[in-house]
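*Asks:* Sharing a structure below in structure tokens format, with a few things to ask.
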Amino acid sequence: MYDASHGHPDMHWPSGFTPKSAHSFCQARAVISSTPDRVFALLTDMVRWPDWVPGITKMRPGAHAGAFEVELEEHWFEVIIGEHEPPCRLGWSGIGAGVQLYQAWLITEAGDKTRVVTEAVVRGPAARSSGTLSPAWAERLNARWLARLKRLAETASEAPTA
């Protein structure tokens, strides 16, 4: 399990959401046999998240561009895109009952493959008290997310639209 001192040095964080200020912090990494463009396209096709992202069962558009809502583990989160630099950086904040989070993605070319690092900072009363939002739970969720992303990016023949 990662602690705040293991945060990737190239990750961007909004004010108040650094690994050191987190009530819960996790990181997951993968090397994917695909292009950064393909990986980024899959991550930014939020409409399809319920089809493959672990724990997300529903998605609906938000009140404005760059915002949407997802149901994760039976809890609704309002999500706002905070960083969008195709195909290398992506980040979003999520706000739900008793919790605020920021998840950042760093996507880099690694020869003919793509290296992906995702880190999540979770703050709020629910993050301090809930086993569901514990670092171990979040790390398992991110590891499953990356495993599915890897499988999709390496096997799908047609890139989704972002």
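*Asks:* Quick one: which strands (runs of 3 or more DSSP E) lie wholly within the range 65-131 and hold at least 1 residues that are within 28 Å of E154 (Cβ to Cβ), of a type in the set (D, E) and open to solvent by 10 Å² or more (accessible area, probe 1.4 Å)?
*Replies:* In the range 65-131, the matching strands (runs of 3 or more DSSP E) lie at 67-72, 75-85, 99-110.
*Asks:* Sort out which residues of the range 32-58 are assigned to a strand (DSSP E or B) and open to solvent by 70 Å² or more (accessible area, probe 1.4 Å), and write them in order of number.
*Replies:* If the condition is that a residue be assigned to a strand (DSSP E or B) and open to solvent by 70 Å² or more (accessible area, probe 1.4 Å), then T57, K58 are the ones that fit.
*Asks:* Follow-up. Restricting the range 15-47 to residues that are at pLDDT 90 or above and basic (K, R), which is farthest from E69 (Cα to Cα)?
*Replies:* R29
*Asks:* Count, please, the residues in the range 112-145 that happen to be at pLDDT 90 or above, closer than 15 Å to W92 by Cβ and among the polar types (S, T, N, Q).
*Replies:* Matching residues across the range 112-145 total 1.
*Asks:* Looking only at residues that are over 13 Å from the mean Cα position of the chain (by Cα) and over 15 Å from I80 (Cα atoms) in the range 16-29, which one is most open to solvent (accessible area, probe 1.4 Å)?
*Replies:* Filtering the range 16-29 for residues over 13 Å from the mean Cα position of the chain (by Cα) gives 16-24.
Still in the running and over 15 Å from I80 (Cα atoms): 16, 18-24.
On the way: G16: 42, T18: 56, P19: 18, K20: 170, S21: 37, A22: 27, H23: 67, S24: 3 Å².
So, considering only residues that are over 13 Å from the mean Cα position of the chain (by Cα) and over 15 Å from I80 (Cα atoms), the one most open to solvent (accessible area, probe 1.4 Å) is K20.
The values are calculated or read from the model by the stated rules, or taken from the named source; none is laboratory data. Bear in mind the structure is a predicted one, so any value in this text is a computation, not a measurement. Cβ atoms come from the backbone with ideal geometry, glycine included; neighbour counts cover every protein chain shown. Note: areas computed on protein heavy atoms with side chains; ligands, DNA, RNA excluded. Shrake-Rupley method; radii C 1.70, N 1.55, O 1.52, S 1.80 Å.
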